[in-house]
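The values are calculated or read from the model by the stated rules, or taken from the named source; none is laboratory data. Quick caveat, the model's predicted, so the values are computed rather than measured. Cβ coordinates were reconstructed from backbone atoms using ideal geometry, including for glycine residues, and neighbour counts include every protein chain displayed. Accessible surface is based on the protein model in full, side chains and every heavy atom, while ligands, DNA and RNA are left aside. Shrake-Rupley method; radii C 1.70, N 1.55, O 1.52, S 1.80 Å.
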Amino acid sequence: MTALHAAPDDLHSQWARVFIGALVSAGVRDFVVSPGSRSTPLALAIANTAGARFKVIVDERSASFFALGQARVSGVPCALLCTSGSAGAHYYPAILEAERAQIPLIVLTADRPWDLVHSRANQTLDQSKLFGTHVRGAFELGEPHPAALRALPRLAAQAVLASLSPTAGPVHVNARFRKPLEPVAASGNEPWRKEVAELLSRGAPRVTLGAPSATPETTRALCDVVASAERGLLLVGPAWAPRGESAESASTRLAGAVAEFLRVSGFAAAAESTSNLLHVPELTRLCAGGVGRWLETLFEANAPDTVITLGAPLTSSAWAKAQSRGFRHVCVSPNGVSDPEHHATDVILGDAAALLESAARSLQGRDASPAYQNLVRDLVASLPQPDPGPWGEAALVRRLIRALPSETRLFVGNSRVVREFDRAAGAAQGRVHVFHQRGLSGIDGLLAGAAGIRSAVSPEHPVVAVLGDVSALHDVGSLALMAECTAPLLLVVVNNGGGRIFEQLPVANAIPAEQLSRLFLTPPPSFLPGACGAFGVQHLRVRDDAELASAMDAAFASPRATVIEAMCPPGVQQ
């Protein structure tokens, strides 16, 4: 957006201009602003800085998940801005997801002067460590002062760097302002003006991240694993967010590396739908899906002696059960240990794609037998294919994924929905790019996240989000963001009378049905038609295959967002 007025020239305003300009020069492009008074200098600086794209979202919680959706696609930090007081606390759920999912965010909280803290001043609390240990870095800008102007570009570069490396995630920047907050006329003779002009021209220090790479030591460790394995299996769970790289580029790079590694290692491979690998042409025949259907059978009939895992821990309970058996478990992770069952025998730290590529080069010429690959492929092919059966949640997911156009961006919700997509893995007819919120597997902000993904994806690519009715109710206010979409966004809400995942948990057999429904299933009222009408979003209700197909055609033809409420009878399971 272009500036509406000439840039203000008081110190507060110029201080904010220097910092926001430095963020932009350091690579931040997208800003999400929630209105407030104390953040006035920064909001105006964002609106008047060339290269800064911004969106105003009143609800900070929706704003934060919208920004999370943008960064999930781009791999570069999106910046959030809010006022002082309780406003920043509404960012917390998204910050926790960003921390676990390793998604870069810059969180800017405006604050009041130090002398008002601990004085019971209105809208004032100690914000310096507002997000505790859940951010990669916490920076204090302090109050605007001429002597500190030169620190702003460096702090901006540090904040962006901390959001990307060594582990991507959220970063908190707290900025204090004293009244007057609005632009005011200045004399024009202040000695700091020349310095401001220089800093605006120069921008932030340029920070260059090294390309993902593998060391000789990690490559050798992985090659040793391959050499000792007779029956090797590569399992890929939910994808990590890329670091400074678009999700599409990262998944393409990983797919190519996996394909080459399988060719030279003889390992079999399986992936969950959220790995973003199952709908890649070069992996269609190499990487089996629907892991939960056949993994237990494999371990009973012809168990692997070595399993390499990539990505976040698998959703499938079959994998958790399999770990009670004896085999070598090698966890490959960009950072930390991804081993909630405490079963890993080896941990190799590094970028999975770079490590697999490096190992594949070292293994060239090795006589790799495809026997175990063929055994796993034959096992999967021999099992009865899931019958779509009567209309219900599972049948809906299978029919929907088959109908997705190539190059669709699919955002998968949690609880039963993600499990149904795993069971239907491989059913898509073309390339589908899958996004997910499996960092903490919450139902927070899924509508806002879908709108954020839509804003970061080229308009010619369809965006489809699928989630449950309780998830939709939890974020119903974000229908306001969907109403502003100017490209196709299809939100499929599975209305099966509440959180049916609880019917599959032990609690379902331990308490009366009335308590299960009231405390856990929590079937929501019929809220979507009225809510969509209030926000001006098209709402369609479907009850069978024909109505679903018709509704999807209408949604893909629309330049706006469409909510398809799929009425699925409770208790219909395949």
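Descriptive notes on the structure:
- Ligands, DNA and RNA aside, Glu198 has an accessible area near 80 Å² when probed at 1.4 Å.
- Candidate residues Asp126, Asp378: accessible-area rank, largest first, probe 1.4 Å: Asp378, Asp126
- Placed amide H near His329: partners under 5 Å, 5+ positions off or other chain: Val307, Thr345, Asp346
- Segment 423-524 - percent of accessible surface contributed by carbon and sulfur, probe 1.4 Å: 56
- With every protein chain in place, segment 231-385: carbon and sulfur % of accessible area (1.4 Å): 50
- In Hz, Karplus ³J(HN,Hα) per residue of segment 503-508 (6.51, -1.76, 1.60; θ = phi - 60°; x = Gly, Pro): 5, 9, 9, x, 4, 4
- 1.4 Å probe accessible area per residue over the chain, in Å²: 40
- In the chain, the calculated helix contribution to ellipticity at 222 nm averages -11000 deg cm²/dmol per residue, counting -39,500 (n - 2.57) for every DSSP H run with n ≥ 4.
- Long-range HN-HN contacts of Leu404 with modeled amide H, under 5 Å: Gln429
- Accessible area of segment 5-139 belonging to carbon and sulfur atoms, whole % at 1.4 Å probe: 55
- With the whole protein complex present, Lys321 retains an accessible surface near 110 Å², based on a 1.4 Å probe.
- Each residue of segment 156-167 was assigned a 3J(HN,Hα) from its phi angle through the Karplus expression (A = 6.51, B = -1.76, C = 1.60, θ = phi - 60°), giving 5, 5, 5, 5, 5, 4, 5, 6, 10, 8, x, 10 Hz with x at Gly and Pro.
- Gain in span if fully extended, Leu379 to Ser406, counting 0.36 nm per residue against the direct Cα distance: 6.9 nm
- Answer label for mean projected area of the Cα convex hull in nm² (calculated), chosen among (i) 51.6; (ii) 28.2; (iii) 26.2: (ii)
- Extension gain, His145 back to Thr167 (0.36 nm per residue minus Cα-Cα distance, nm): 4.7 nm
- Evaluated with a Cβ-only charge set (Lys, Arg +1; Asp, Glu -1), the chain carries a dipole of roughly 720 debye about its Cα centre, given to the nearest 20.
- Distant-in-sequence amide H partners of Phe411 (H built 1.01 Å from N, under 5 Å): Phe435, Val464, Ala465, Val466
- Percentage, to the nearest whole number, of Cα pairs in segment 266-305 over 11 Å apart: 65
- Options Val492, Ser471, Thr562, ranked by Cα towards positive dipole end of segment 457-574, top entry (Cβ charges): Ser471
- Backbone geometry of segment 12-23 corresponds, through the Karplus equation with coefficients 6.51, -1.76 and 1.60 at θ = phi - 60°, to 3J(HN,Hα) couplings of 3, 5, 5, 4, 5, 4, 5, 5, 5, x, 5, 4 Hz, x marking Gly and Pro.
- Net charge dipole, segment 191-301: roughly 500 debye, given to the nearest 20, about the Cα centre with Cβ charges of +1 for Lys and Arg and -1 for Asp and Glu.
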